[in-house]
Amino acid sequence: MKKKSSIITVVCLCVALFTLGTQKLHAAPANLVDLNKASLEELMSLPGIGESKAEAIMDYRSAHPFASAAEITNVKGIGNKLYERISQYVAVEGKAGSTPTKTGTAGK
């Protein structure tokens, strides 16, 4: 019985290590990402944002420039949970030359 539990433990550890190894490691962006100006690559630097979501953000902002970072939840495929993950990394430039501000808890 002890040998069987040891084998199960080893198998579980192998599965866990394999799962961790196959997940995409995503480093957070070094600077705030302005949702109205960011390139595809800059948007893709955000945790949980791949190419298709980055393109959806760019398509959305073409028709509806973001007035606040929280508006990103209007983009198909981006809900409140994902917004909470990225909110500390995104900003929307204010009016007339003001600098982007952190949004952290915007929209809550």
Could you check the range 78-96 and list, in sequence order, the residues that are modelled with pLDDT under 95 and exposed (fewer than 13 other Cβ atoms within 10 Å of the Cβ)?
Gly94, Lys95, Ala96
Looking for something touching a helix residue (DSSP H, G or I) at 6+ places or on another chain (Cβ under 8 Å), under 21 Å from Glu84 (Cβ atoms) and modelled with pLDDT under 95 - is there at least one such residue anywhere in the range 9-31?
yes
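The values are calculated or read from the model by the stated rules, or taken from the named source; none is laboratory data. These figures come from a predicted structure and were not determined experimentally. For neighbour counting, all protein chains shown are included, and Cβ atoms are generated from backbone atoms with ideal geometry for every residue, glycine included.
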